[in-house]
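So the structure is just underneath, and the comments pick up after that.
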Amino acid sequence: MFKLVRFTNPKGKVAVGLVVSETEMIDLTDAGITRMTSILESEDPVARLRNVVTDGVDRIKIESVHLLPPVEDQEVWAAGVTYLRSKKARMEESDFSASAYDKVYDAPRPEIFFKSVPSRVVGTGDKVGIRMDAKWNVPEPELALVFNSRRDLVGYTICNDMSSRDIEGENLLYLPQAKVYDRSCAIGPWIVIGAQEEEARKWEINISISRNGREVFTGSTSVGQIKRSFDELGGYLFRSQTFLCGAILSTGTGIVPGDDFTLAENDRIKITIGGIGTLENTVIVV
Ligand code: DO4
Ligand code: MG
């Protein structure tokens with residue numbers, strides 16, 4: 001498997017890199033790769049990356065560079081109520097919308113909503129936002145699927161679908177406000193290329209939230225708990241809709257903190273997905 005990163009290189013230019021060990025990466029600029037999308041759109045991204053010469057190329061410590069979100073021109077969309085846990089939590093959150101969540105879990109058509117334009121996505125190490133007019137805010141740790149323009153599933157990454165549960169629970173028509181605002185979408189740390197769905201379904205998803213150095217919430221689930229196949233989700237996203245540069249589709253959350261939990265400013269959120277890595281962000285009020 002290959003891990004593809006975007007970062008700012010020492011010359012201040014946005015570059016694409018390949019992770020070559022736990023702690024190191026190489027800059028792909030000299031290999032003629034300056035856009036992640038060129039790999040994702042190639043006939044065979046795995047073969048393309050296999051041909052990259054890594055021997056003798058200078059290694060860069062990953063911790064020494066600023067990683068950017070692994071998103072260029074791809075819109076971010078998100079699926080919802082794909083885990084039983086998400087359906088249950090949302091039905092409890094709102095009498096008003098309970099039957100909608102109940103029905104969509106079993107309906108042939110999944111819930112899919114728009115999450116972010118590429119330029120508003122934040123990466124690992126960046127701040128994520130909680131709305132100043134919301135009282136009940138949570139992170140949603142999700143596996144995200146990376147599709148190219150031909151709807152080939154070419155990679156995987158991590159998405160934090162930050163959500164305001166009180167706004168969402170008040171009225172379903174407020175969903176876009178609960179889901180789309182400044183810094184509400186974090187993606188990273190990189191895109192993993194070369195894993196099949198069968199393998200990805202074995203990955204664990206873990207989240208840890210710390211406040212003033214103390215862990216205040218942990219949770220875990222498995223990608224295998226997602227009710228729908230990746231092909232089904234991608235099929236609905238691309239139905240009657242063209243993505244010239246491909247798209248990222250977050251697959252929904254299976255971890256929902258208890259009803260007494262809400263995020264606070266300066267909380268540190270760490271989301272780890274086996275097979276990918278860790279997306280880490282600190283919370284600010286926006
Ligand atoms: O409709 C509510 C949003 C669902 C969601 O984001 C999820 O299940 O992850
Ligand atoms: Mg979600």
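Which of the residues that make up region 1-47 are basic (Lys, Arg) and modelled with pLDDT of 95 or more? Once the filter is applied, which keeps residues that are basic (Lys, Arg) and modelled with pLDDT of 95 or more, region 1-47 yields Lys3, Arg6, Arg35. Name the single residue that is farthest from the chain's Cα centre (by Cα) among those in region 113-150 being among the small types (Gly, Ala, Ser) and in a strand (DSSP E or B). Only one residue tops the list, namely Gly129.
For region 112-127, the set of residues classified as of a type in the set (Val, Ile, Thr) and either outside the structural domain of Arg183 (by TED's automatic domain parsing) or within 30 Å of Arg239 (Cβ to Cβ) (or both) consists of Ile112, Val117, Val121, Val122, listed by residue number.
Among Ile62, Ile33, which is surrounded by 14 or more Cβ atoms within 10 Å (Cβ to Cβ) and within 22 Å of the chain's Cα centre (by Cα)? Spell out the reasoning first.
Working: Ile33 fails: within 22 Å of the chain's Cα centre (by Cα).
None of the other options fit; the residue is Ile62.
Restricting region 213-259 to residues that are among the charged types (D, E, K, R) and in contact with a strand residue (DSSP E or B) (Cβ under 8 Å, 6 or more places away or on another chain), the residue that is surrounded by the most Cβ atoms within 10 Å (Cβ to Cβ) is Arg228.
Checked against the criterion of being crowded, with 17+ Cβ neighbours inside 10 Å, free of Cβ contacts under 8 Å to residues at least 24 places away in the same chain, in a strand (DSSP E or B) and among the hydrophobic types (A, V, I, L, M, F, W, C), the candidates Ala78, Ala15 yield just one match: Ala15. Close contacts from region 99-111, counting a first residue that is in the same structural domain as Leu84 (by TED's automatic domain parsing) and in a loop (DSSP other than H, G, I, E, B) and a second that is of a type in the set (Ser, Thr, Tyr) and within 16 Å of ligand 2 (Cβ to nearest atom), with Cβ to Cβ under 8 Å and a gap of 6+ residues or different chains, come to Arg109/Tyr236; Pro110/Thr82; Pro110/Tyr236. Looking only at residues of region 39-75 that are within 20 Å of Ile158 (Cα to Cα) and assigned to a strand (DSSP E or B), we find that the one that is nearest to ligand 1 (Cβ to nearest atom) is Glu75. No other residue among Lys61, Lys88 is at negative phi and within 16 Å of ligand 2 (Cβ to nearest atom) apart from Lys88.
So is Glu280 farther than 16 Å from Val146 by Cα, acidic (Asp, Glu), surrounded by fewer than 22 Cβ atoms within 10 Å (Cβ to Cβ) and away from ligand 2 (no atom under 16 Å from the Cβ) or not? Considered against the rule, which asks whether it is farther than 16 Å from Val146 by Cα, acidic (Asp, Glu), surrounded by fewer than 22 Cβ atoms within 10 Å (Cβ to Cβ) and away from ligand 2 (no atom under 16 Å from the Cβ), Glu280 comes out as yes. Do you know which residues across region 33-57 are in contact with a helix residue (DSSP H, G or I) (Cβ under 6 Å, 6 or more places away or on another chain) and either of a type outside the set (Val, Ile, Thr) or in contact (Cβ under 8 Å) with a residue 60 or more places away in the chain (or both)? Within region 33-57, Ile39, Ser42, Pro45, Arg48 qualify. In region 168-202, how many residues are in contact with a strand residue (DSSP E or B) (Cβ under 9 Å, 6 or more places away or on another chain) and within 16 Å of ligand 2 (Cβ to nearest atom)? Total satisfying the criteria: 13.
The values are calculated or read from the model by the stated rules, or taken from the named source; none is laboratory data. Predicted, not measured: the structure shown is a model, and the values here were computed from it. Neighbour counts are summed over all protein chains in view; Cβ atoms, including those assigned to glycine, are modelled from backbone coordinates with ideal geometry.
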